[in-house]
Each structure stands twice: as C-alpha cells, then as structure tokens.
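In what follows, a structure is listed as structure tokens, so that the remarks can point back to it.
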Amino acid sequence: KAKALAKELNLDATQTVKILVGSRGNWKTLETFLSNTKEEERITATTLLKVLKPKDWRDVSGDVLSDCLGNAPQNKSEIFNRYVLNPRVGNEMLSPYKSFFRNVIDKELVARSKENPQALVEWVKKNITVNDVLNPQRIPVMSAGVWKARTADTNSRNIFFVSVARALDIPARIESVTRKTQYYDGTNWMDVDFESDAQTITPQGLLSASYNPIKTVGDPQYEGHFTIAKILPSGKLQTLNFSVNNNIDMGPGNTWSALLKKPLPIDEGNYLLITGNRMAKGNILTIINSFEVKAGQSTHINLVIRESLEDTQVIGNIDAENKYKPVDSSEETSILNTTGRGYFIIGILGPRQEPTNHAMRNIATIASDLNAWNRSIILLFKSEEDWKGFDKSEFGVLPETIVYGIDEADKITDMITGAMKLTDKNKLPLFIIADTFGRVVYVSQGYNTNMGEQLIKTIRKI
C-alpha cells in the first residue's frame with residue numbers, strides 16, 4: 001500500500017515505505033497527510049516526515065503536521081529543515097504551536113527577534129517566570145500553555161523559547177549532547193543563558209579515545225558500558241546525552257567506534273569518563289578517570305573496560321518478553337511468562353543432527369544438577385516438522401524443567417544471534433543462559449563436547 005501511495009503521489013518509494021511501515025498504527029494519519037498535501041508542497045511534506053524520529057511517526061497528529069506545513073519557511077536548507085520545520089524540540093508532547101504563536105505574538109517583537117534573536121531571549125527573561133517547584137515531576141508544559149500562564153519550569157521555559165523561535169523562522173534547538181538552549185545567528189550556534197546579558201559561543205576542542213577490545217565487549221555502548229560527564233562550575237556533573245543522535249529505536253550509532261574513534265568536537269572544560277562492566281551477580285566493575293578538553297586542542301584518552309577472571313560476566317542482552325509457541329498450545333507465550341523471575345536456559349535445536357544429539361546427551365548427564373537448580377529450560381524447534389522429528393526418549397532421563405516449543409519465524413533465534421553477534425543462525429544447537437532482565441551470561445553454538453560441564457560451572461557462579 002505504501003508503494004502504491006508513493007507511485008500515485010510521485011514520491012520516493014523507498015522513503016515512503018520506510019516512513020509508513022515505521023509509523024505502525026499511525027500510518028493512516030501519515031497517509032492522509034500526504035494524500036491531502038498539494039502537489040507543489042509534497043517535497044516539503046516528505047522532508048517534514050524525514051526530520052521526525054520514528055517514535056514521532058507513530059505519535060504525531062494530523063493537526064501538528066498541517067501546522068508545520070502551513071507555516072513552512074521558504075528557506076529549505078538542512079539547518080531550517082531540522083531546526084525550524086521540525087516541530088520536535090525535546091521531550092514535550094507535540095502540539096500545533098506554530099500558527100498559534102504567529103497569531104498572538106506582537107508584530108514588533110517578531111520583527112526585532114528576526115533581526116536579532118537576542119530580543120526574544122530578553123522577552124522570555126522578562127515575561128516568563130521560572131518556578132520548578134510547581135512541576136516536581138518535570139513533565140513538559142505545552143508551549144502555548146507557557147505563553148498563557150507566563151510561568152514554567154526550567155525545561156518547559158527552554159522548550160518554549162525554541163518553539164517560539166521556530167514559529168518565527170529562527171533556527172533554534174536544545175543541543176542534544178549538552179542540553180544547552182541555542183539559536184542560530186546565520187553563522188554560529190549561540191548559547192542562550194537566560195541569566196546573562198549576552199549570549200556566547202562556547203569554545204570547543206576535539207576528543208578521541210582508543211579502546212583495546214576485551215572478549216565480552218567488542219565495541220562499548222554509550223550508557224551501556226561508558227558515559228562522559230562534564231564537571232560544571234558548581235561542581236555538579238552533567239552527563240552528555242548521545243542517545244538522541246539516533247532514532248528512538250536505538251542502533252549502532254552510540255558506540256565507542258561511532259563516537260570517539262575519530263575526533264569529536266566537544267565544549268572545553270573538565271570531564272569524567274566512567275566505564276562499567278556488569279557481572280552476572282549484579283556487581284559492576286568500574287573505572288573513573290578525569291580529563292580536560294582545551295579550546296582548539298585535541299585530547300586523547302584511553303577507554304578501558306575492566307574484566308574479571310573469576311566472576312561470570314554479562315555478554316549480551318535479549319528481550320525476555322519475546323514470544324514462542326509451546327508445543328502443547330495453539331497460543332504464543334513469552335519467555336518471561338514461562339520462566340518467572342531468575343535465570344533460565346534457552347536452546348534452539350536441530351533434530352536428527354549430531355551436534356544437537358550430543359548436546360542433549362550432555363544435558364541428560366547433568367539432569368540431576370539441573371533439577372536441583374530448578375530453573376526453566378526452554379528448548380525450541382524452528383518448525384512443527386522439526387518438533388515431530390525429535391524423539392526425546394533417545395537421550396535417556398532429561399531434566400524435569402524442560403519446556404518444548406516452536407520458534408515461529410525464527411523470532412527467538414534471530415534475537416539471540418543478533419544479540420550475541422553470531423553470523424550463522426542455522427548453526428545448531430544454540431544455547432544460552434540468561435535472566436529475566438535479558439542479561440546473557442553464557443552462549444554455546446554448534447558442536448560442543450564440554451557444554452554440560454560449562455553449563456554447570458556457569459550456574460554455580462551465578
């Protein structure tokens with residue numbers, strides 16, 4: 001249907017499919033928006049959808065899209081697309097604010113603000129009272145509500161400023177990494193300080209890091225394995241926010257190799273690098289280092305992830321809410337619903353294959369230990385046909401906690417191979433030990449003569 005719409009409206013088919021499929025249950029809203037857009041405005045309409053994040057595709061209303069398109073700037077540069085056309089500022093609920101502000105703001109203030117955005121900064125300083133006590137949960141207030149109440153918490157005030165600026169065709173943003181409020185003066189991004197009489201450009205340096213991979217962490221994930229925090233003049237720490245560089249569904253962009261392998265522009269100042277490696281028992285091996293970034297200079301640091309030769313380490317993450325179909329049921333159920341809280345084993349089997357037969361005989365030899373452990377063992381087949389070709393009586397006495405199921409469409413298999421970065425999902429059997437938080441502490445794929453012994457050693461450590 002998305003391809004048909006793209007053809008009908010003469011839109012890029014690949015991009016249209018990506019957006020409509022990504023919008024999930026909100027696809028009808030986007031389809032209606034595109035279908036109702038005049039032919040001469042369709043490029044702008046698709047640009048608007050492209051600058052939104054996938055989560056916004058799933059949530060945005062037709063009113064918001066129409067408001068943005070109806071107040072779209074003539075300037076079609078990347079700066080204007082991302083920081084004027086785009087309605088998303090921070091973590092606020094999207095609303096059709098652009099036409100509202102164009103109708104209520106005094107024309108003299110509009111003219112002065114367009115000539116010099118500092119005029120808008122001064123207006124906000126003078127007319128919007130900041131009171132964080134009134135909003136203890138820090139839920140962003142809609143910008144139109146801030147205008148009417150003339151009172152807001154700090155975050156809502158900052159979102160309000162950016163929203164008004166964008167409504168007046170002034171590029172503005174809350175900078176993703178440092179969370180600074182900024183406007184674009186045509187050449188530079190200017191930091192907005194509502195407590196100061198003048199706005200500044202913060203000098204920057206370059207930051208890069210080297211990393212020597214350890215066995216369990218090939219490419220450290222930001223917020224998962226390391227964070228960077230700036231030490232503010234007050235002594236407080238401000239964690240840099242790199243997650244928004246990706247869409248809400250996350251992805252590979254927030255890793256050491258993507259962020260710090262090459263020099264990254266960053267504000268001058270003193271920082272802390274915190275690294276962590278979570279063990280199976282919940283303890284975290286941590287290193288904290290300080291460093292300074294000087295304006296106009298390059299700073300190189302070492303990113304080190306601690307290892308333990310004794311404790312069992314978390315080597316990957318899965319989603320325990322993922323579903324499979326038990327062989328004795330016509331309905332799917334989740335891993336978590338089967339296992340309850342705690343650790344469990346998942347195995348993907350290849351019936352009538354020697355590596356799987358060997359693994360099952362291994363499991364039979366440790367059946368008494370696994371019964372004493374008393375945790376669920378989910379053994380999955382890729383199809384009903386594979387299940388029917390499996391004869392558990394061939395392997396002797398197996399653990400009492402085994403549950404058999406079908407991994408329909410390879411959902412569990414794909415999840416595990418993706419999480420563990422395994423290249424061949426058809427290389428069976430595939431076994432993991434994980435817990436209900438999704439933390440994987442053991443993996444074995446293919447022929448493994450010592451799997452039973454390895455399972456017990458891992459279980460005794462957790």
Exercise. Those residues that are within 18 Å of PRO263 (Cα to Cα), surrounded by 15 or more Cβ atoms within 10 Å (Cβ to Cβ) and of a type in the set (S, T, N, Q), I need them from the range 273-310; list them, please.
Key: THR299
Quiz item: Just checking, which of ASP153, ASP169 is surrounded by 15 or more Cβ atoms within 10 Å (Cβ to Cβ) and touching a residue at least 60 places away in the same chain (Cβ under 8 Å)?
Solution: ASP169
Quiz prompt | The listed residue being polar (S, T, N, Q), modelled with pLDDT under 90, farther than 24 Å from THR417 by Cβ and in a loop (DSSP other than H, G, I, E, B), out of ASN241, ASN247 | solution = ASN241
Quiz item: Just wondering, is there one or more residues in the range 22-36 that are within 15 Å of ASP169 (Cβ to Cβ), within 27 Å of the chain's Cα centre (by Cα) and among the charged types (D, E, K, R)?
Solution: no
Quiz item: Among GLN204, GLN238, which is the only one that is within 30 Å of THR286 (Cα to Cα), touching an Asp or Glu at 6+ places or on another chain (Cβ under 6 Å), surrounded by 15 or more Cβ atoms within 10 Å (Cβ to Cβ) and of a type outside the set (Gly, Ala, Ser)?
Solution: GLN204
Self-check item: The lone exception for ASP311 - which of (1) in a loop (DSSP other than H, G, I, E, B); (2) under 30 Å from SER334 (Cα atoms); (3) assigned by TED's automatic domain parsing to the domain that holds LEU232 it fails
Solution: (3)
Quiz item: Is it true that some residue in the range 323-337 is closer than 17 Å to ASP386 by Cα and among the aromatic types (Phe, Trp, Tyr)?
Solution: yes
Quiz prompt | Which numbered condition LEU94 misses (of (1) touching a helix residue (DSSP H, G or I) at 6+ places or on another chain (Cβ under 9 Å); (2) in a helix (DSSP H, G or I); (3) among the aliphatic types (A, V, I, L, M)) | solution = (2)
Self-check item: Members of the range 311-352 found to be farther than 27 Å from LYS461 by Cα and surrounded by 14 or more Cβ atoms within 10 Å (Cβ to Cβ), listed by number
Solution: LYS323, TYR324, LYS325, PRO326, VAL327, GLU332, THR333, GLY350, PRO351
Exercise. Count, please, the residues in the range 74-91 that happen to be touching a residue at least 12 places away in the same chain (Cβ under 8 Å), more than 19 Å from PRO140 (Cα to Cα) and assigned to a loop (DSSP other than H, G, I, E, B).
Key: 2
Exercise. Hey, could you check the range 254-270 for residues that are in a strand (DSSP E or B) and in contact (Cβ under 8 Å) with a residue 60 or more places away in the chain and say which is surrounded by the fewest Cβ atoms within 10 Å (Cβ to Cβ)?
Key: PRO265
Practice problem: For the range 431-462, name all the residues that are farther than 17 Å from TYR343 by Cα and in a strand (DSSP E or B). | Solution: GLN445
Quiz item: What are the residues in the range 255-298 that are under 29 Å from GLY316 (Cβ atoms) and of a type in the set (Lys, Arg), if any?
Solution: LYS261, LYS262, ARG278, LYS281
Self-check item: Any hit, the range 88-106, residues being over 26 Å from THR29 (Cα atoms), charged (D, E, K, R), out of contact with any strand residue (DSSP E or B) (no Cβ under 8 Å at 6 or more places or on another chain) and in the same structural domain as PHE160 (by TED's automatic domain parsing)
Solution: yes
Quiz item: Do any strands (runs of 3 or more DSSP E) entirely within the range 320-387 hold 2 or more residues that are farther than 25 Å from GLU453 by Cβ, and if so, which?
Solution: 323-326
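The values are calculated or read from the model by the stated rules, or taken from the named source; none is laboratory data. Remember, it's a predicted structure, so these values are computed and weren't measured experimentally. Every residue, glycine as well, gets a Cβ built from its backbone with ideal geometry; the counts of neighbours run over all protein chains shown.
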